[in-house]
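Worksheet for the structure shown next.
No value in this document is a laboratory result; all are computed from the given coordinates. As the structure is a prediction and not an experimental result, all values here were calculated from the model. Here Cβ is always computed from backbone atoms with ideal geometry, including for glycine, and neighbour counts include all displayed protein chains.
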Amino acid sequence: MNQDPLLSGLAGLVADAPEGLLDRIAARWVRVEGPLGEVSVAATDQGVAFLRHYDDPAAAHGFAAEFRARFGRPLLPGDRPPAGLMPALRTGKAAGLRLDLRELSDFQRDVLTATQRIPRGEVRPYAWIARQIGRPGAVRAVGTALARNPVPLLVPCHRVVRSDGAAGDYVFGAAAKERLLRQEGVDLDGLRELAEANVFYLASDTTGIVCFPTCHNARRITPRHRHGFRSVAQAESAGYRACRTCRPGEVAA
């Protein structure tokens, strides 16, 4: 990665910079292995701010320029991955990792915070995110916010899918999204079969609960006790109540 002109200028100062100044001006970057292969990760003094995966290794050389264009900061090589980064990439859980999302709007941060609540191996529709943040009419804006997610894989926007059962778009491409979901154990073929039958929710006649199909409660329903519904309203009219874990009622009927 080429030296940034700003960093070269700082290096030419006669007086030593105050301790910590450089990390407040620049960010540190590392390349590490992730679930899709090698990823480039930039972290500021506040936490991980940017992550990108490139199918073409040569394209990774543009990471610094992409980061500078978006954040206005140059990059320095990092000595080691930020604390918590490798476990987060390995497990899909970023609870112990600091993220720097200061460049985002309040709406975008709300979208990403709601997205982080989707468990590994499960998916939720864009409309669910919109309901979670109190903006039920902002489904399209939710999609736009996820498309600009600066830290995919760490904030699992690949777990947000279309209401018609299709996986939908992804910052690293649709094929990468499907690959990640399959790695996490999501039965995409089963979801497509349900969608073709106009089934988007599954209910158990033993518990009286209706769930999203990927909810861990739904996956325990045996075939003889499983019933499919187009909407939560339809399930509720049949006497079922919405699961308190996956909260399918927080999607418009």
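Key figures for this structure:
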| quantity | calculated |
| --- | --- |
| Calculated over the stretch 108-207: convex hull of Cα atoms, volume per residue (Å³) | 112 Å³ |
| Potential extension, residue 140-residue 106 segment - 0.36 nm per residue separation minus Cα distance | 10.6 nm |
| Angle between the chain longest axis and helix 106-115 axis [Cα atoms, degrees, rounded to 10] | 60 degrees |
| Label-point separation in nm, residue 169 to residue 66, each point 7 Å along Cα→Cβ | 1.6 nm |
| For q = 0.20, 0.21 Å⁻¹, Debye-computed log10 I/I(0) when each Cα of the stretch 41-87 counts as one equal scatterer | -0.72, -0.79 |
| Over the chain: Rg over Rh, Cα atoms, Kirkwood Rh | 1.06 |
| Approximate spin-label separation residue 46-residue 216, in nm, with each point projected 7 Å along Cα-to-Cβ | 3.3 nm |
| Förster-model FRET efficiency, 45 Å R0, residue 79 and residue 187, C-beta, rounded to 0.05 | 0.60 |
| Span per principal axis, largest first, for the Cα atoms of the stretch 199-241 (Å) | 22, 18, 14 |
| Angle between the chain longest axis and helix 174-183 axis [Cα atoms, degrees, rounded to 10] | 70 degrees |
| Percent antiparallel among DSSP beta bridges (both partners in the stretch 34-192, rounded to 5) | 65 percent |
| Percent of Cα-Cα distances greater than 21 Å, calculated over the stretch 158-253 | 31 percent |
| Residues in the stretch 78-109 reached by a label modelled at residue 32 [backbone nitrogen below 14 Å; 7 Å Cα→Cβ] | 78-100 |
| Inter-site label distance for residue 225 and residue 245 at 7 Å from Cα along Cβ, in nm | 1.3 nm |
| Relative contact order of the chain, pairs being alpha-carbon contacts under 8 Å that are 6 or more residues apart, as % | 13 percent |
